[in-house]
Each structure stands twice: as C-alpha cells, then as structure tokens.
1. Could you go through region 315-326 and let me know if any residue there is farther than 18 Å from residue 253 by Cα, away from the ligand (no atom under 13 Å from the Cβ) and either touching a residue at least 60 places away in the same chain (Cβ under 8 Å) or surrounded by fewer than 24 Cβ atoms within 10 Å (Cβ to Cβ) (or both).
2. Return the residues of region 357-387 that are part of a helix (DSSP H, G or I) and open to solvent by 20 Å² or more (accessible area, probe 1.4 Å); say none if nothing qualifies.
3. Within region 250-263, does at least one residue satisfy the condition of being away from the ligand (no atom under 14 Å from the Cβ), surrounded by fewer than 24 Cβ atoms within 10 Å (Cβ to Cβ) and more than 22 Å from residue 217 (Cα to Cα)?
4. Would region 383-395 turn up any residue that is over 14 Å from residue 271 (Cβ atoms) and away from the ligand (no atom under 16 Å from the Cβ)?
5. For region 225-236, what are the residues that are touching a residue at least 40 places away in the same chain (Cβ under 8 Å) and either touching a Leu at 6+ places or on another chain (Cβ under 7 Å) or open to solvent by 10 Å² or more (accessible area, probe 1.4 Å) (or both)?
6. Identify the residue in region 348-382 that is in contact with a Lys or Arg (Cβ under 7 Å, 6 or more places away or on another chain) and over 21 Å from residue 260 (Cβ atoms) and, among all such residues, is nearest to the ligand (Cβ to nearest atom).
7. Do the conditions hold for residue 306, that is, is it away from the ligand (no atom under 13 Å from the Cβ), surrounded by 18 or more Cβ atoms within 10 Å (Cβ to Cβ) and either touching a residue at least 60 places away in the same chain (Cβ under 8 Å) or assigned to a loop (DSSP other than H, G, I, E, B) (or both)?
Amino acid sequence: MTDTTPFDTRFDDDSLMSEPDPTGRFGEFGGRFVPETLVPACQQLEAGFREAWSDPEFRDELDTILRDYAGRPSMLTECFRLSEELGVRIFMKREDLNHTGSHKINNVLGQALLAKRMGKQRLVAETGAGQHGVATATAAALMGLDCKVYMGAVDVERQALNVFRMRLLGAEVEAVHSGSKTLKDAVNEAMRDWVATVDGSHYCLGSVMGPHPYPWMVRQFHRVIGDEAREQCRAATGGDPDVVVACVGGGSNAIGIFTGFVDTDARLVGVEPAGGAAVRHGVPGVVHGMRSYLMQDEYGQVEEALSISAGLDYPGVGPEHSWLSSIGRAEYPNVTDDEVVEAFQLLSRTEGIIPALESAHAIAWLSREAHTIQGQTVVVNLSGRGDKDVAQMMDVLGDRGEA
Ligand SMILES: Cc1ncc(COP(=O)(O)O)c(C=O)c1O
C-alpha cells in the first residue's frame, strides 16, 4: 500500500515538539501517575506504539484509512466574507469535513489500528461532547472490535443525538452519575474499566492527556492536521501564517495544528473556555495519570469546569500545552460563553459553516482580537461541525428571543 496522502506525515525529530523524555515528561509536565496495575499496560502500549509508528506498513495502512475512510486531506478554506468583516485574512482548516464530523477520527483510527495490532478485542473510551465516543464507536465497527463508552450523565442529556449515534454504531454507552457528571468523571470510569480488563481492552483516550505515552501518541496521530495545513497555507499564500488559533479542551486539535507551525514564526494561540481555563487559572497538579495545569481549590481538590460546550468541559489540559505555555511558545487566552454564542452565529452567517461550539471558541478569540492583528494571516483549526450543537443553540437563542 503506497501513494497515500500527498502530505509527508513523517516527523522530524529536531522539532521543538519531538518526543517527551524517557519518563514521558515535557519539561516538568506529563509523566505516568497510574496505579501499579496499569504500569505494565502503559509500558506495553508505549512499546507497541513505538514499534508500529516506525513500521512503514502501519503508517501506510493508517494513511490509507485516513484518506479513503476519513476523507483526508481536509481542505484549507479561505473565508472571504469573514475576512472582510474582521479585517484579517482568515483560513479554516476543515476538520469538520472529516467522517464523523470532527478531528477526533484521526486519533481514533490510529489507536484502533494499533489496538488490533496488539491483539486487543475491545475499545474502552470516555467522551464529553460525544464526538470522541462516536469516532471510537465508528472505528470499532470498521475494525470489528467491541466498544464501551463512558459519558457523564449531564453530557448524555445535552448530547442525546451523539448517544443515539454511538448505540446505532454498536457501542455500549454508560452514563456516569458521579461528581459533576461530565468529562472528568467519565475519564475516571473509563480508567477503572481499563484497570479491570487490561488484557483484552485498549483504552482509546480522546485527547493529548493521561499517562505517558498517551499525550505523545495522540499528538502524533493528530500532527497530520498541522502538516497538511502548513503545506496548504504555503501553497495558498506563499508563506506561513502570522497566527494559528485552535480551541483547547484536553488540547488535541490544538496540538495537532501547532505541530505543523511550532518551528515557524507563527504565533500559536490555544483558546480555553473562561469556566475551564486550566492554563490561565490552574496550578500544576496531578490528574488522570499526568502532571499538568489543573483547576484546583485551595485544598487541592479538582474544581468543576463550566463551559457551554461539553467537549471543553475539562478542568485540566494536556501536559505539552502546559509546557508550551511555560516556555512562552504558545499563549492560552480564554473566552466567555456569550462570546462563543456570537461566534457560532458569526461563522454561520458569514461563511455558511456552522461550527462546533468547541471550535467557536477559536473564532470568538479571533473576533475579539481582530482589531489587534489587522491585515495579518490567520489559520483557524475548525475542529468540528455544529450539527450536534444545533438543538442546544435553539434553546439558548430561543431563551434570548433570537430563534
Ligand atoms: C469538535 C471538538 N473540538 C474540540 C474538542 C476538544 O478536544 P481537544 O481539546 O482534545 O481538541 C472536542 C471534544 O469533544 C470536540 O468534539
């Protein structure tokens, strides 16, 4: 199997974003903070990933599935009307056009292929907005694996459509009623399941978080976004953008696109929700197997994140983002729910693209800050489409008398 995507997805080890150290750390962040029972599973996964990633046959098979099943390369669309409105030259990296509607599919196809190669018959996953759960259920169906998805009870309610999709795809969905009943609690349950079933199950983690090797492995599965975007931007403009913007929950779509530009002069902006601003308002702590910025109260208890978008409702952030922030290479501003609602409407109205509420965070920052970057070129990672959020927005806008 050759002649896969037209973009070279092989990575360059001299990059600022190469491998974490042997203990899985990016500077002081990352690591592997797991119960003893999971240490061998993490080690086995690291060895399996290392071996697969350096095997051209695995890479070719993955590239082929990404092309023929997921629809890569995703387009880079110049947004003329929005550009005119904001006074900035804007391109969108269209991860919303991938099969299943978001960037999540890149990582999941990689992990499912790896799980199969490692002889696992079952995928366990957590999901917030449901996009990662849908992507995992899809990959499981494609590859003939069993699948169980944990989802906070609050998210089950606000993302009912995605729950139905997962069940249609043959996955078992379990609502989690502990804690804030959102993503953080779903991760806890998925990890518990993995501990109990580790011989036959692979934990298909949905973002660049968790114990080593997940943050690194998931980043490698998403770097295709940045590699494509850099080539596409150079072809369209003759150079690199001034600014690259993406939303940050755990941080996978942001790290995917940042990877393509980290060694250029582009400003890297990861936008968090104001109610879940782990980098801006958090302090280093340990959660879900990693050390990273984490929203905690004065007693070190994890604080609940609050965001209009289920996919960003996470009190922590992937460790590589904490590191990129600490060395000043990337910045992590936040936007309010109201700004996000406006951005959701703005992109829909000006470009005919209804964004996921998560992606609308990136557009909200751009819209607020446009006056400071007039005339510059910006690439926005449009991480997903808004179909899943339309019912929720009908309620929000209905309450305001705008729908
Ligand atoms: C469309 C979309 N964008 C972004 C995210 C946030 O995840 P991450 O920060 O890992 O990209 C999610 C998570 O569910 C999502 O569905």
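1. For region 315-326, residues farther than 18 Å from residue 253 by Cα, away from the ligand (no atom under 13 Å from the Cβ) and either touching a residue at least 60 places away in the same chain (Cβ under 8 Å) or surrounded by fewer than 24 Cβ atoms within 10 Å (Cβ to Cβ) (or both): present.
2. Selection gives 367, 368, 369, 371, 372, 387.
3. No, region 250-263 contains no residue that is away from the ligand (no atom under 14 Å from the Cβ), surrounded by fewer than 24 Cβ atoms within 10 Å (Cβ to Cβ) and more than 22 Å from residue 217 (Cα to Cα).
4. Within region 383-395, one or more residues are over 14 Å from residue 271 (Cβ atoms) and away from the ligand (no atom under 16 Å from the Cβ).
5. Listed by number, the residues that qualify are 229, 231, 232, 233, 236.
6. 354
7. no
For every residue, the table says whether it meets (1) in a helix (DSSP H, G or I); (2) closer than 18 Å to residue 110 by Cβ; (3) out of contact with any strand residue (DSSP E or B) (no Cβ under 6 Å at 6 or more places or on another chain).
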residue: 219; (1), (2), (3): yes, yes, yes
residue: 223; (1), (2), (3): yes, yes, yes
residue: 228; (1), (2), (3): yes, yes, yes
residue: 232; (1), (2), (3): yes, no, no
residue: 254; (1), (2), (3): yes, yes, no
residue: 264; (1), (2), (3): no, no, yes
residue: 268; (1), (2), (3): no, no, no
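The values are calculated or read from the model by the stated rules, or taken from the named source; none is laboratory data. Values in this document were obtained by computation on a predicted structure and should not be read as measured data. All Cβ positions, glycine included, derive from the backbone under ideal geometry; neighbour counts span all protein chains shown. The accessibility values were calculated without ligands, DNA or RNA, using every heavy atom of the protein model including side chains. Shrake-Rupley method; radii C 1.70, N 1.55, O 1.52, S 1.80 Å.
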